[in-house]
Structure formats: C-alpha cells, structure tokens
Amino acid sequence: VFLFWRDAVGLIVGPAVSYTLLVAVMIPWHRLPAAVRTHPRAFRLTLAPQFLRYGVPLIGWMIGVRILELSDRYLIHYLRGPGEVGVYSANYGMASMAIWIVATPLLLTAHPLIFSSWESGGRQRVQDLVTLFSRYYLLAMAPLAVLVVVFARDLAAVLLGESFRAGYTVVPVVFAGLLLWNFGFYGHKSLKVLEKTRLMLALVCVCVVVN
C-alpha cells in the first residue's frame, strides 16, 4: 500500500496478493496435488457430499456475519450521512481491535484442542474444554472491558484523529456486543464438531433480523 498503490484499490489488492502467496505455499506443503492425483475418485465421491452438507451452511453463516458487521454502517449512512459512518467505523475498529488482541489467541488455542479431543472420542473432554476456555475468555475480558469503558475517551484521543474522537461514546456499546459475539464462538465449536452447521446458519439469521 505505501510503496505501490496508496489508495482504496491498494487496500484491496494488497491483502489479495498476500493471501495468494500464502495459499501458493500451503498447497505443496499439505501435498494436495499428490493426494488428488493418487485418489481422485475417492476424493471426489467420498468427501464431496460431506463438504456440501457441512460447508454450504457455513457459507451462509459467513454471509450473515458480514451483514451483521456492515449493516449498521448502511443504516447510519441512511439516517445520518456518510460523515458519521466514518466516525462510527473508526471507533468500531478501535473496540474491535481491543477484543481481537485478546480473543483471537485464546480461540486459536482452543480450536485444535477441541477438535483433537472429539476425534479421539472424548465428548466429555470437548465439553470440559469449551467450559474451560469460556472461563479463560471471561477472565481475560473482564479487566479489558473495565479499561475500555473507563478510558474510551482517552483511547480515542490517542489513537484517532481529531475529527473522529467524538464517536468514543459508541465504544462501550460496540465492545459489549463484540464481547458477547466472540464468547459465542466457543459454543460454535461444539456445533461444529457435531456438524450442526445448519443450526449455526439459523442462529446467525436470527441475529441479523434482530440487529
């Protein structure tokens, strides 16, 4: 972005190039071409129906997540104009980053442990892990929530430009919503191992309608 394409297009092209390079490295690393060449029919006939049953509802779930993330901006634009969309988005990003820094490492740690426990037949172990990581999440978020709510104005003064700082009042509300949303991801782990992705799709549709 800074060296070659310093505009909105660069913000799209940059991640696209990055992910393309990452995928190019991952394909040979996981030996996918050799696996497809060796067992093309088994790969297609055995896994494809399972991929469809499991994956198609997750596509709808991801679309629902994006609608949840972006619909408020469209409503603010409709009701208050584009200027306040920018103010809101800047402060939303600040609250989101505070959550992401703490929540993502915990979630990425929990994911392989939960799935490996399920594969080994430990359903009770899965429940215990979901409970354990849920507690860790809440314990980690409690002091962060206090800091964000109390110092939202100061954080905005340090991290945002002057024209965006007035939106700091939305930070506690956004933070609370994102805190609960990320907390729900631990429940999602149980639904994923049980292959109840259609239920996940139904739940996110309810969230979109309520929002």
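Whether a residue is modelled with pLDDT of 90 or more and open to solvent by less than 80 Å² (accessible area, probe 1.4 Å) was assessed, and Ile99 does not pass this test.
Scanning the stretch 189-197 finds no residues that are open to solvent by 40 Å² or more (accessible area, probe 1.4 Å), part of a helix (DSSP H, G or I) and among the hydrophobic types (A, V, I, L, M, F, W, C). The conditions of being modelled with pLDDT under 85, in a helix (DSSP H, G or I) and open to solvent by less than 50 Å² (accessible area, probe 1.4 Å) are met by Gly167. Listed conditions (1) over 16 Å from Val65 (Cβ atoms); (2) free of Cβ contacts under 8 Å to residues at least 40 places away in the same chain; (3) open to solvent by 40 Å² or more (accessible area, probe 1.4 Å) are all met by Leu180, apart from (1).
The values are calculated or read from the model by the stated rules, or taken from the named source; none is laboratory data. Predicted model, so just to flag it, every value in this text is computed and none were measured. Please note: Cβ atoms are built from the backbone with ideal geometry, for glycine as well, and neighbour counts cover all protein chains shown. Side chains included, ligands, DNA and RNA excluded: accessible areas come from the protein's heavy atoms. Shrake-Rupley method; radii C 1.70, N 1.55, O 1.52, S 1.80 Å.
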